[in-house]
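Take a look at the structure set out below.
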Amino acid sequence: MEKNVVVVGGGPTGMWLACELRLAGVPTVVLEQDADIDQHSRALTVHPRTIETLALRGAHVELLAEGGRIPSGHFAVLDDRLDFRPLDTDFPFTLTIPQARTTELLQARAVALGADVRRGHRVTDCAVTGGGMDGAVADGTDGAVTVSVRGPDGAYALEAAYVVGCDGTRSLVRERAGIDFEGTRFTALGALGDVVLADPPSGPVTSEWTTEGTLMLVPLSGGRHRIALHSPEDLRTDWPGELTLEEFRARVRRITGTDYGMHSPSWLSRYGNTSRLARHYRKGRFLLAGDAAHQHMPMGGVGLNVGVQDAMNLGWKLAVAFHGRAADALLDTYHDERHPVGADTIEHTQAQTALMAGFSPQGSALRSLLGKLIAEQPQLQDALAERLSGLSVKYPAPGGRHHPLAGCRAPNLRLSGTEHLFDLLEDGRPVLVDFARAAVNGGTHTGGSGADGDGADARRYRCPRVGEQSRPAWASVSAALIRPDGYVAWASDETEPAVLSAAIGKAVAALHHPEPERHHA
């Protein structure tokens, strides 16, 4: 059997990973047990960094055309929303678009790139064959994973070089890999409903917090509205029965004084703040991304956004590993970089849960104080906005290289009159931006794409020094190596040509062969 990378789970995380793998020429099969895309979308929000992630591949245009733009985000439904407009991004807003539609767009891209997307195909088992009992990778060629599948026409098996679990909080891949999913059970619940309102409020977002509960309301397509709420009665550790329209209507009325004339629900559901994190994001030939790796209160659609960014981090690394052009330590950096992001996401959502569910006088005072601090301290407002938007993520500086930009997200730098950095990353290859126009081994690091398109070479782009960018951190940079996921692998302020040339050569060589820090068993 031909080896593939098998992605288990066909939500936004799995589909974006498939897009990235196919862009790099990796044979990819996506297995999704549901025959159709679930139209009940918990997530409605695409954050600025996720829009940037799609824009790095030119895959954001349809999303921008269809989504509603909101130039702010909420932190625990405090009275003052966080303003995204000062953020250093081309997309200082969130998009409101149902997760189902996001999945449809990403699936269409994955299929167009050549991914084999199989809906209605349920994975029943994953077992390592060769390469060690846990699927450990010795030289990138030995071992495989046999994936057992039941499809519409019966059972069959696939042989995979790697299996990525994007199959949600009850991940079979995580279970078969023997990866612990550690955390806490829910202590607070929420309720949501997609309903028709006879008397809807005006504006793109309605939010309210009282001692009777917390509520957020946003319009959907087709004349429907999404209402999500928390009430004092939700502070519990037992799961109540099915949510009814009568209960939901009464709870909305207690919080707002009106039920907006709601009727004709298309979805009523409960959710909780159960929070768990996979101990390892990688175990040999098994990897996890999205909800299979982290579970938390679904606050503002953050899970979708973190999951897509997991896939972006993993995609290029898994591609070069599949093609045998990367040290095994490169795949370990996926855990090293994204596991802390998962932990931070859980901390962030749990803190918001405490504030949203603080219905006591003490909780009310805490909300009031924090709201005043945010209003009085612009730096705190900006820090929370960057964190919520996903723009604040910074990875450990690789190989001990401590330039301030190393590990940071690269903004969409203007490199010439019409060309920007994101334009150069659309093919999924790393880019060496050479502001000093240094000679490097006769210019060999311009590199051509291999036949398999795995992005093994860094494309060289010579351009004037970037002082006119009005970004102080970039004003003195002479060269920077940008990873395929848009983060800075290496940067230098060096101006002496020979020294800079040698440093560039080492940085490009180290991109796919990082110094191993630790292995995750």
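Details
- Restricting the stretch 484-495 to residues that are touching a Phe, Trp or Tyr at 6+ places or on another chain (Cβ under 7 Å) and in a loop (DSSP other than H, G, I, E, B), the residue that is nearest to Ser392 (Cα to Cα): Asp485
- Annotation note: Cβ proximity below 9 Å between a residue of the stretch 16-37 that is not assigned by TED's automatic domain parsing to the domain that holds Val149 and a residue that is crowded, with 24+ Cβ neighbours inside 10 Å and of a type in the set (S, T, N, Q) (sequence gap 6+ or interchain) occurs for no pair.
- Near pairs, Cβ below 9 angstrom, 6+ apart or cross-chain, from the stretch 419-437 (within 18 Å of Ala319 (Cβ to Cβ) and among the basic types (Lys, Arg)) to any residue that is buried (at least 20 other Cβ atoms within 10 Å of the Cβ) and modelled with pLDDT of 95 or more: Arg429/Ala24; Arg429/Trp316; Arg429/Pro484
- Note on the stretch 50-79: residues that are farther than 21 Å from Ala112 by Cβ and in contact with a helix residue (DSSP H, G or I) (Cβ under 6 Å, 6 or more places away or on another chain) total 6.
- Leu245 vs. criteria over 29 Å from Val173 (Cα atoms), surrounded by fewer than 21 Cβ atoms within 10 Å (Cβ to Cβ) and either out of contact with any strand residue (DSSP E or B) (no Cβ under 7 Å at 6 or more places or on another chain) or at pLDDT 95 or above (or both): yes
- Qualifying residue in the stretch 175-193 (condition: touching a Pro at 6+ places or on another chain (Cβ under 9 Å) and among the acidic types (Asp, Glu)): no
- Options Ala507, Ala498, Ala521; residue that is at pLDDT 90 or above and either surrounded by 14 or more Cβ atoms within 10 Å (Cβ to Cβ) or not in a helix (DSSP H, G or I) (or both): Ala507
- In the stretch 397-419, the residue that is surrounded by the most Cβ atoms within 10 Å (Cβ to Cβ) out of those that are within 27 Å of Val46 (Cβ to Cβ) and of a type in the set (Lys, Arg) is Arg409.
- In the stretch 53-76, of all residues being closer than 30 Å to Ala354 by Cβ and surrounded by 23 or more Cβ atoms within 10 Å (Cβ to Cβ), the one that is nearest to the chain's Cα centre (by Cα) corresponds to Thr53.
- Trp209, sole failed condition from (1) buried (at least 20 other Cβ atoms within 10 Å of the Cβ); (2) among the aromatic types (Phe, Trp, Tyr); (3) modelled with pLDDT of 95 or more: (3)
- Checking Gly178 against (1) surrounded by fewer than 17 Cβ atoms within 10 Å (Cβ to Cβ); (2) closer than 25 Å to His296 by Cβ; (3) free of Cβ contacts under 8 Å to residues at least 24 places away in the same chain; (4) not aliphatic (A, V, I, L, M), the condition it does not meet: (3)
Residues checked against (1) among the acidic types (Asp, Glu); (2) modelled with pLDDT of 95 or more; (3) farther than 25 Å from Ala327 by Cα:
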residue	(1), (2), (3)
Thr146	no, yes, no
Gly154	no, yes, yes
Leu172	no, yes, yes
Glu175	yes, yes, yes
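- Residue match in the stretch 356-374 (condition: in contact (Cβ under 8 Å) with a residue 24 or more places away in the chain and closer than 27 Å to Arg471 by Cβ): yes
- Any chance Thr146 is assigned to a strand (DSSP E or B), surrounded by 14 or more Cβ atoms within 10 Å (Cβ to Cβ), in contact with a Ser or Thr (Cβ under 9 Å, 6 or more places away or on another chain) and without any contact (Cβ under 8 Å) to a residue 24 or more places away in the chain: yes
- Filter result for Asp180 (among the charged types (D, E, K, R), in the same structural domain as Gly315 (by TED's automatic domain parsing) and at pLDDT 95 or above): yes
- Count of the stretch 389-400 residues which are modelled with pLDDT under 95 and closer than 24 Å to Leu87 by Cβ: 2
- Test result for Leu384, at pLDDT 95 or above, out of contact with any Phe, Trp or Tyr (no Cβ under 7 Å at 6 or more places or on another chain), over 22 Å from Lys317 (Cβ atoms) and not assigned by TED's automatic domain parsing to the domain that holds Ala479: no
- Matching residues in the stretch 255-276 - criterion: being part of a strand (DSSP E or B), surrounded by fewer than 19 Cβ atoms within 10 Å (Cβ to Cβ) and either free of Cβ contacts under 8 Å to residues at least 24 places away in the same chain or of a type in the set (S, T, N, Q) (or both): Ser264, Ser266, Ser269
The values are calculated or read from the model by the stated rules, or taken from the named source; none is laboratory data. Treat the numbers as computed from the prediction; the structure is a model and nothing was measured. Neighbour counts are summed over all protein chains in view; Cβ atoms, including those assigned to glycine, are modelled from backbone coordinates with ideal geometry.
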